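K.L.:
Handing you this structure, nothing more for now.
The values are calculated or read from the model by the stated rules, or taken from the named source; none is laboratory data. Predicted model, so just to flag it, every value in this text is computed and none were measured. No Cβ is skipped: glycine too gets one built from the backbone with ideal geometry, and neighbour counts run over all protein chains shown.
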């Protein structure tokens, strides 16, 4: 089994797409390609252009903070770009440009692999910070740019605990009812918070029974009630459009649907969570509601967000799918 550093080195090398002076293969007019290493190069034996990947341990085995019910895990990578300037008089400006191009290519590859919003992402924070360690006190200066990449995730102490950061909220087109239903389920991809509060209020009444104490009422079940609330960042695809799942349509009164004229649509939202066992299970909540309020939320330190609030029309159905 290869080390994690080797795995990431192979990932970068396989997806490296720069050509010309920054190609990973030689050409008749370019005999100094970019090389890829899963370790620092041997001092004094460095190649002209290189990518070096350094990692201490395998995934999920470094920088661990244990809490009573969960643990924070941070995986840390150092990825270094090396570019030696062979001729200071004629190549320095080109070398600076090439180093920037290599950095952009590297970030593109890593962003595609380690996107916290990706459907399969384990981490909820991806932190990237560049450090400049150029060696310019020599006849052939070396540009050395190091990217510190840190991936942080939350895991339960028990792998059967379901994680919230990988949640998916889905508008169920097959079960929803209203004007202009979309032709397929719709995923809200930027969900940040979701709350489902529901139950039966308990109605007190007094009897002559004093076994629980003087003036202590008996309780009987009242009417079911519940509130569904979800906060999403506002994307154009979530807001603008003519079908029912759009923020601008989902709360409006209906005009064409039989039985719902002048009423709110009947909306069904799915909420999927996964745990961290070897073959992850998906825990699904299926909530039936009529949307009662849309809150538009803006602050100086965040993005445009919308809070979708719905009144539940029946108890939520939960299952493993």
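K.L.:
Exactly one condition in (1) assigned to a loop (DSSP other than H, G, I, E, B); (2) modelled with pLDDT of 95 or more; (3) surrounded by 15 or more Cβ atoms within 10 Å (Cβ to Cβ) is false for residue 223; which is it?
P.N.:
Tallying (1) assigned to a loop (DSSP other than H, G, I, E, B); (2) modelled with pLDDT of 95 or more; (3) surrounded by 15 or more Cβ atoms within 10 Å (Cβ to Cβ), residue 223 fails exactly one: (3).
K.L.:
Looking at residue 112, is it part of a helix (DSSP H, G or I) and touching a strand residue (DSSP E or B) at 6+ places or on another chain (Cβ under 6 Å)?
P.N.:
In short, no.
K.L.:
Going residue by residue through the range 106-126, is there one that turns out to be under 27 Å from residue 44 (Cβ atoms), assigned by TED's automatic domain parsing to the domain that holds residue 48 and either in contact with a helix residue (DSSP H, G or I) (Cβ under 7 Å, 6 or more places away or on another chain) or crowded, with 19+ Cβ neighbours inside 10 Å (or both)?
P.N.:
yes
K.L.:
Next up: If we only count strands (runs of 3 or more DSSP E) wholly inside the range 134-203, which ones have 2 or more residues that are under 30 Å from residue 90 (Cβ atoms), in the same structural domain as residue 106 (by TED's automatic domain parsing) and over 16 Å from the mean Cα position of the chain (by Cα)?
P.N.:
142-156
K.L.:
Conditions: (1) in a helix (DSSP H, G or I); (2) modelled with pLDDT of 95 or more; (3) out of contact with any helix residue (DSSP H, G or I) (no Cβ under 7 Å at 6 or more places or on another chain). Residue 80 meets all but one. Number of the miss?
P.N.:
Against the list (1) in a helix (DSSP H, G or I); (2) modelled with pLDDT of 95 or more; (3) out of contact with any helix residue (DSSP H, G or I) (no Cβ under 7 Å at 6 or more places or on another chain), residue 80 comes up short only on (1).
K.L.:
Could you give every pair whose Cβ atoms fall below 9 Å, whose first residue belongs to the range 194-209 and is within 21 Å of residue 313 (Cβ to Cβ), and whose second residue is surrounded by fewer than 10 Cβ atoms within 10 Å (Cβ to Cβ), counting only separations of at least 6 or pairs across chains?
P.N.:
200/223; 201/223
K.L.:
Within the range 28-42, take every residue that is closer than 17 Å to residue 79 by Cα and assigned to a loop (DSSP other than H, G, I, E, B) and give me the one that is nearest to the chain's Cα centre (by Cα).
P.N.:
Within the range 28-42, the match that is nearest to the chain's Cα centre (by Cα) is 38.
K.L.:
Can you name every one of the strands (runs of 3 or more DSSP E) wholly within the range 249-321 that holds 1 or more residues which are in the same structural domain as residue 224 (by TED's automatic domain parsing), touching a residue at least 60 places away in the same chain (Cβ under 8 Å) and farther than 30 Å from residue 201 by Cα?
P.N.:
The strands (runs of 3 or more DSSP E) meeting that bar are 267-274, 282-297, 305-312.
K.L.:
Kindly indicate whether residue 64 is at negative phi, in contact with a strand residue (DSSP E or B) (Cβ under 6 Å, 6 or more places away or on another chain), exposed (fewer than 14 other Cβ atoms within 10 Å of the Cβ) and assigned by TED's automatic domain parsing to the domain that holds residue 152.
P.N.:
Criteria met by residue 64.
K.L.:
Tally up the residues in the range 181-194 that are within 29 Å of residue 257 (Cα to Cα) and touching a strand residue (DSSP E or B) at 6+ places or on another chain (Cβ under 9 Å), please.
P.N.:
The qualifying residues number 8.
K.L.:
Could you please give the count of residues in the range 146-193 that are in contact (Cβ under 8 Å) with a residue 24 or more places away in the chain and over 19 Å from residue 268 (Cβ atoms)?
P.N.:
Counting residues in the range 146-193 that are in contact (Cβ under 8 Å) with a residue 24 or more places away in the chain and over 19 Å from residue 268 (Cβ atoms) gives 23.
K.L.:
Sticking with this structure for a sec: I'd like the full set of residues that are surrounded by fewer than 16 Cβ atoms within 10 Å (Cβ to Cβ) and under 23 Å from the mean Cα position of the chain (by Cα), limited to the range 253-279.
P.N.:
Matches in the range 253-279: 277, 278, 279.
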